[in-house]
Structures are given as structure tokens and as C-alpha cells.
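Since the structure comes first, as C-alpha cells, the remarks are kept for the end.
Bear in mind these aren't lab numbers, they're just calculated from the coordinates by the rules spelled out. Just so you know, these numbers come straight off a predicted model, no measurement behind them. Positions of Cβ are generated from backbone atoms using ideal geometry, with glycine treated the same way; all protein chains shown enter the neighbour counts.
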Amino acid sequence: MDSKDIKDKTDEIFEKAKIGAGIAATAVGDFAKSAGEKAVNVKNTASVNFHIRSLNNELNDLYIKLGKTAYDIHSNIETESIPAEIINTINLTLEEIEKFKAQLVELRGMTTCSKCGKESPNVSEFCPACGEKLG
């Protein structure tokens, strides 16, 4: 083997190594991208869960206030709050909670059946629980 053959062989080996390194770098990049996307999804899910817990705490406070107001009215005690306002606030809070729950379903890559309320993967055309057409 002369020096030209050795140089050609060396160039061939380095070219294969370069291609292999490029493939490895792409794989690592894809993995990092996937991990980053999953981390964002986990963060978003935690944030939505936090909002739901906060709204549930507010809802419990409203239920307590409504119960006290009902007791005061029943006991003929003068009351400053009007139960209709409390009930309206409860309904608005419940609507907000439902919006956040819908966000959670979406973050999980699921959809909710409008007929039975069961969750199914976004790729499903029909609900596996009741057969209703999804989407």
C-alpha cells in the first residue's frame, strides 16, 4: 500500500466518521428537542392544575359564604350580601374551572366526548365508550 492509498483510506475513514458524528448529533438534537417539549408540557400542566386548585379554594369559600347567608336569612338575621350575587360568582368560577380542565385534556393530547364525557386520544374518530363521532 503506497502513501496515496493510505491517504485515500484515511480520508474514507474520516468521511465515515464525519457522517456518523452528524447522525449522532442529529439524534441527540432530536432527543433534546423532545425532552424540551415534554418539559414545557409538564410546566403547562402544573400551571393549569394550580389554577384549578386556586379556583376550587375560591369556590369552597363562596359555598361557605352562601351557606352562612342562607342561615342568616333563615334565622331572620340582617345580612349584607345578596345570595344571587354569590350564586352568580359560583357559576362563573365553575365555568372557569371547566375551561382549565379542558386545557388539561388538550395538554394530555386527548379530547372529551360531548355525549358521555369520556376522554379519548385526539386521533380517535369515535368515542370508544359510547361510539359518538368526535371532533
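If one takes the longest principal axis of the Cα atoms in the chain, at what angle in degrees, from 0 to 90 and to the nearest 10, does the Cα axis of helix 83-107 lie? The two axes meet at around 20 degrees. Bridging of Lys38 to lysines at a Cα separation below 26 Å is possible for Lys99, Lys101, Lys118, once same-chain residues fewer than 8 apart are set aside. Between the listed residues Tyr63, His51, Ala17, the Cα displaced farthest toward the positive end of the dipole of the chain, a dipole computed from Cβ unit charges relative to the Cα centre, is found at Ala17. Among Glu96, Glu15, Glu58, the largest mean-square fluctuation in a Gaussian network model of the chain, built with springs joining Cα atoms closer than 10 Å, belongs to Glu15. The alpha-carbon of Lys9 sits under 19 angstrom from the alpha-carbons of these lysines, leaving out residues fewer than 8 places away in its chain: Lys18.
The Cβ shell under 15 Å around Pro128 holds other residues with a net charge of 0, Lys and Arg each +1, Asp and Glu each -1.
Helix 3-74 and the longest principal axis of the C-alpha atoms of the chain enclose an angle of approximately 0°. Would you mind classifying the stretch 20-135 by shape? Square roots of the alpha carbon gyration tensor eigenvalues, ordered a ≥ b ≥ c; an a/c under 1.5 is rounded, otherwise it is prolate if a/b is larger than b/c and oblate if not. The shape class here is oblate.
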